[in-house]
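These notes concern the structure reproduced below.
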Amino acid sequence: MNKAKYLKNISLLALLVMTILIFIGVMSSVTLLLGDKKADVTERHKYSLSNQSMDIAKNLDQHINITIYASKDLDSEYPELDLYRQNIMRLLSKYQMISGGKITINIKNPEPYSPAEYEAQSASIRSFPDSENTHNMYFGAVFSSSEGKQLKIPYFSLQRQNYLEYDISRILAKLNGEKKKNVGVVSFAGNISDWQIFNKIKEDYRVMFLNNKMPYIPENINTLLVYNPQQVSINFIYALDQYIMRGGNLILLMDPYAEVVAEKYPYTKKNRNLLLPLLKKWGISMSEQKVVADKNLSDDEYQTAISKLKNPTEIHLRAANMAIPNFLGEVSWPRVSFRSAGNLKIDALDSVEYTPIFFTTDQAQEVNADIVKYEDQDAVNNALSADYGKKELAYWLNGFFESYFEKNIADGTSLNEKMPAYLSGSLKPSQILIIADSDFLADSTWNLTGYQKGATVYDQIPSSNNADFILSAIDYMNKNDALASLRVNYLVNDEKNIAEQIYTQVFNSFAKEYNTKEQEIALLQKDLAEFKQQLNSRKIAMSLLKIQELDDYNRRQQKIVEDIKSLNYKIQQKSGQTITKIIVLNMFVIPLLILLLSFISVKLYIYRKKQNNKRIIHE
Amino acid sequence: MGRQMFNIVKKETYSCFEGVQAWVVLSVYIFISMFLTFFIGGFFSIDNTGLFSFFCFQPYLMSFLVPALTMRLWAEERKNGTLEFLLTQPISLFSIIMGKFFSAWFICLCMFLLSTPLWIYLNIYFEADNMSILSGYFACLLISGCFCALGCLISSFCSSPAVSYLWSLIVFFSISVSDFSELIKSLHLPLTLENKLSNMLSLNSHYYDLMNGQIGWDNIMFFVLLMIAGLWLNVAAVEYKKN
């Protein structure tokens, strides 16, 4: 009896083991054969390769070997990095599949003091300590081509997850790619070569920093970037003019007040933008005195109404305030930021096509640049002009131009021989991008990482798409279409959490009231300023009545400020109430109602069934 | 066989809803699930277009709620002495097992249906990635199906529902938490193979793939195979007990 039971137990155990083995066997085959084939059903196809990446992988001319250095204990030490590693592996295997065998992937575990660790170190893969700080860990990759070229991602940063596919595709394109083109940079604000934007441009182009006094632009410059043209020499104006006459591509960043330069050189004398007459010849003008302010764009949507009053000259544009031309990508950039930008106006030339790219809302105002310099936000808010209107912040110009000069400025000098011949009109069409804000490129405007010694593009955490936009423009100017179209797919994370959405919805329901109050305060401040001016200029005599009138102004202003504060409090309270409502509704009310209804229906059904049974039995 | 199975499903579901068991499980599920979503999962503070805050806790929640549904499937029959009666009925053993399994799975489906108002709410007032959410619900259904099949199996070995609940709880939590990576590491395989193997055997890895809207044959096969294995072993176990 016992023996029979023992045999039965053994056979059951054998069956269990057999089932586990069959399970592992079938799962292994399925994983090996179909493990990499996944349907990405997410709305934004977060986990699929874009067409541009697929083209890059398909058209590889050479064999690319990817070595991933990932420490084995990543899963126990940093589980979130391990999850990311799995995503990376999945993405790479997609590239591998599409490349038709031209990509091979190796994974190495750089254990402490192992050859793999020395290899990772010599390939400059960045190390980081484990949680107990006992040994170094690694999580990076080296991409090598059969030609011997080598590029690397020193560290897979979680914060660059959105750029992962772009980073990989760009490296593959570069390993496979052609000779780098030249981008010339002329700065009138000292040395800016350590800015992150140039690290980014250098990835795909050769960046050449040029002297800002040179009378001609070298012929090998494919695109010229001119930064903050102040105190410009006549030589350079001539150089720029002739560069455009030869069909050169130009990106010009200028503004009435360059905050980054002011931070760097606080005691410099007032600058003058001497390029303005040249721009006028191109049909563009910009006031040197006025800075654009737009309260509707001044802060992120989720920030409080009071903080919107803080800095109206710091503006962030979203899709509604952009008209990105098709050649720069079919989608709008999620967010582009400006700091004390100027207002561009056009006086169109027939031979030039003008495309406005960035603009404010209809409610934008202007403020004197001198007031912005003192960084007193109350003063800025008080000094905003009362003329509301849409302001243009960037233009794309494409066409033929006429020279600003009548002859070569170096005529009759020895310099003339070195310079290219004078042209009075464009030989071929030029592409010019004018952005009315030189802070547009500064790290603090678009990059959360800021300046770090030895930082690479893989350290950048973009908060705005400023750099992406400039790079797309350079790509288009250099006819580097594959890279340009690839870039537009990888934008900064514009995900919004539910609390932000609730705040925006509630804020919108109060927007009319809020705007009325703001307009009231703007008008009152204007009246008050006029009244004070009259008093100061002694146009009206100071009397008890006037003092009372002044008090009345102040009281009304105080009242409106109080109203705005109370409105803000109401918005916050209502947002909180909405959150509580969502929790109560979804946690208690709706489920309990459904449960109650189902309970009643089921009980009724059971009761009727029992009655029915009873009736049958009775019958 | 289909009709016999349907009758068993009806009988089991009916008995669940006739008492308080199903109602308690449903109420506890929705309350805890929403509590985790709103207060632990940070529903309001992260991008939740795919209802990540809701789905990320489901395997753990299923680990302790599904045993409450499956504990009585066989154990109670044995405890009440109705097992012999049931097995002598002119119904195939397979139909009985499938009937019990589907009735438990049906209640899981009711649990998920109870959470759909949140999905509807998200669609009306905010942005929702509906395909991703659908994929998340599909993952929940598969994981609950697996747990139901394994729960049936465990119940068939136990003579008391409480013991069955405890065993199921231990097994399900172990499956949800462990990912066999340490075991695989000790085999000293090449890293590529090691990664593939640990992903292949990890329930969480398959669940997260589906939850994130990345549906693959390997993910579906993992859950389906687990279900089949659980049910097949269940047949063998009941046969064993019968003899």
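The values are calculated or read from the model by the stated rules, or taken from the named source; none is laboratory data. All figures in this text were calculated on a predicted structure; none of them were measured in a lab. Virtual Cβ from ideal backbone geometry, glycine too; neighbours counted across all protein chains shown.
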Exercise for review: Would you check which residues across segment A:578-619 are over 45 Å from the mean Cα position of the chain (by Cα) and at the interface with chain B (Cβ under 7 Å from one of its Cβ atoms) and list them?
Suggested key: A:Leu595, A:Phe599, A:Val602, A:Ile606
Check your understanding: For segment A:4-36, which residues satisfy the criterion of being without any contact (Cβ under 8 Å) to a residue 60 or more places away in the chain and not in a helix (DSSP H, G or I)?
Key -> A:Gly35
Review point. Looking at A:Glu147, A:Glu165, A:Glu111, which one is assigned to a loop (DSSP other than H, G, I, E, B), within 28 Å of A:Lys202 (Cβ to Cβ), acidic (Asp, Glu) and touching a residue at least 12 places away in the same chain (Cβ under 8 Å)?
Key: A:Glu147
Check your understanding: Has segment B:42-50 got at least one residue that is modelled with pLDDT under 95, outside any loop (DSSP other than H, G, I, E, B) and within 11 Å of chain A (Cβ to nearest Cβ)?
Key -> no
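Condition check ((1) assigned to a helix (DSSP H, G or I); (2) of a type in the set (S, T, N, Q); (3) exposed (fewer than 10 other Cβ atoms within 10 Å of the Cβ)) across all residues:
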{"residue": "A:Glu530", "(1), (2), (3)": "yes, no, no"}
{"residue": "A:Gln533", "(1), (2), (3)": "yes, yes, no"}
{"residue": "A:Ile540", "(1), (2), (3)": "no, no, no"}
{"residue": "A:Lys546", "(1), (2), (3)": "yes, no, no"}
{"residue": "A:Asp552", "(1), (2), (3)": "yes, no, no"}
{"residue": "A:Arg556", "(1), (2), (3)": "yes, no, no"}
{"residue": "A:Ile560", "(1), (2), (3)": "yes, no, no"}
{"residue": "A:Gln573", "(1), (2), (3)": "yes, yes, no"}
Exercise for review: List the number of the failed condition for A:Ala116; all other conditions in (1) under 30 Å from A:Leu448 (Cα atoms); (2) in contact (Cβ under 8 Å) with a residue 12 or more places away in the chain hold.
Suggested key: (1)
Review point. If you check B:Val25, B:Val66, B:Val9, which single one turns out to be at negative phi, aliphatic (A, V, I, L, M) and within 14 Å of chain A (Cβ to nearest Cβ)?
Key: B:Val25
Check your understanding: (1) farther than 29 Å from B:Thr49 by Cα; (2) basic (Lys, Arg); (3) within 11 Å of chain B (Cβ to nearest Cβ): which one isn't true of A:Arg44, the others all being true?
Key -> (1)
Practice item. Name the one entry in A:Asn191, A:Asn133 that is exposed (fewer than 15 other Cβ atoms within 10 Å of the Cβ), assigned by TED's automatic domain parsing to the domain that holds A:Ser464 and either without any contact (Cβ under 8 Å) to a residue 60 or more places away in the chain or assigned to a helix (DSSP H, G or I) (or both). Key: A:Asn191
Review point. In the list A:Ile237, A:Ile251, A:Ile221, which residue meets the criterion of being part of a helix (DSSP H, G or I), modelled with pLDDT of 85 or more, of a type in the set (Val, Ile, Thr) and in the same structural domain as A:Phe188 (by TED's automatic domain parsing)?
Key: A:Ile237
Review point. Restricting attention to segment A:53-87, which residues are among the acidic types (Asp, Glu) and farther than 18 Å from A:Ile168 by Cβ?
Key: A:Asp73, A:Asp75, A:Glu77, A:Glu80, A:Asp82
Point to revise | Set B:Phe126, B:Phe157, B:Phe172: member being aromatic (Phe, Trp, Tyr), closer than 26 Å to A:Phe588 by Cβ and buried (at least 16 other Cβ atoms within 10 Å of the Cβ) | key: B:Phe126
Review point. Is there a residue being closer than 30 Å to B:Gly230 by Cβ, facing chain B (nearest Cβ under 8 Å) and of a type outside the set (Lys, Arg) anywhere in segment A:61-70?
Key: no
Practice item. Out of the residues in segment A:458-512 that are within 14 Å of chain B (Cβ to nearest Cβ) and under 28 Å from A:Phe156 (Cα atoms), state the one that is modelled with the lowest pLDDT. Key: A:Val492
Check your understanding: Considering only segment A:407-457, how many residues are modelled with pLDDT under 80, part of a loop (DSSP other than H, G, I, E, B) and in contact with a Lys or Arg (Cβ under 8 Å, 6 or more places away or on another chain)?
Key -> 0
Exercise for review: Kindly establish whether B:Leu109 is closer than 21 Å to B:Ser176 by Cβ, part of a helix (DSSP H, G or I) and among the aliphatic types (A, V, I, L, M).
Suggested key: yes
Review point. Among the residues of segment B:203-243, which ones are surrounded by fewer than 21 Cβ atoms within 10 Å (Cβ to Cβ), more than 8 Å from every other protein chain (Cβ to nearest Cβ) and within 26 Å of A:Leu92 (Cβ to Cβ)?
Key: B:Asn204, B:Ile220
Review point. Does any residue in segment B:107-118 that is at the interface with chain A (Cβ under 8 Å from one of its Cβ atoms) and modelled with pLDDT of 95 or more come within less than 6 Å, Cβ to Cβ, of a residue that is surrounded by fewer than 22 Cβ atoms within 10 Å (Cβ to Cβ) and in a helix (DSSP H, G or I) six or more places away or on a different chain, and which pairs are these?
Key: none
Check your understanding: Out of segment B:1-41, which residues are free of Cβ contacts under 8 Å to residues at least 24 places away in the same chain, buried (at least 19 other Cβ atoms within 10 Å of the Cβ) and assigned to a helix (DSSP H, G or I)?
Key -> B:Phe17, B:Phe38
Point to revise | Looking only at segment A:165-196, and only at residues there that are of a type in the set (Val, Ile, Thr) and at pLDDT 85 or above, the one that is nearest to A:Leu49 (Cα to Cα) | key: A:Ile168
Review point. Taking segment A:21-41 only, how many residues are within 26 Å of B:Leu231 (Cα to Cα), surrounded by 12 or more Cβ atoms within 10 Å (Cβ to Cβ) and either more than 7 Å from every other protein chain (Cβ to nearest Cβ) or not β-branched (Val, Ile, Thr) (or both)?
Key: 9
Review point. Of all the residues that make up segment B:51-60, how many are under 14 Å from B:Tyr137 (Cβ atoms) and in a helix (DSSP H, G or I)?
Key: 5
Check your understanding: Since A:Leu210 meets every condition but one in (1) surrounded by 21 or more Cβ atoms within 10 Å (Cβ to Cβ); (2) among the hydrophobic types (A, V, I, L, M, F, W, C); (3) modelled with pLDDT of 85 or more, which condition does it not meet?
Key -> (1)
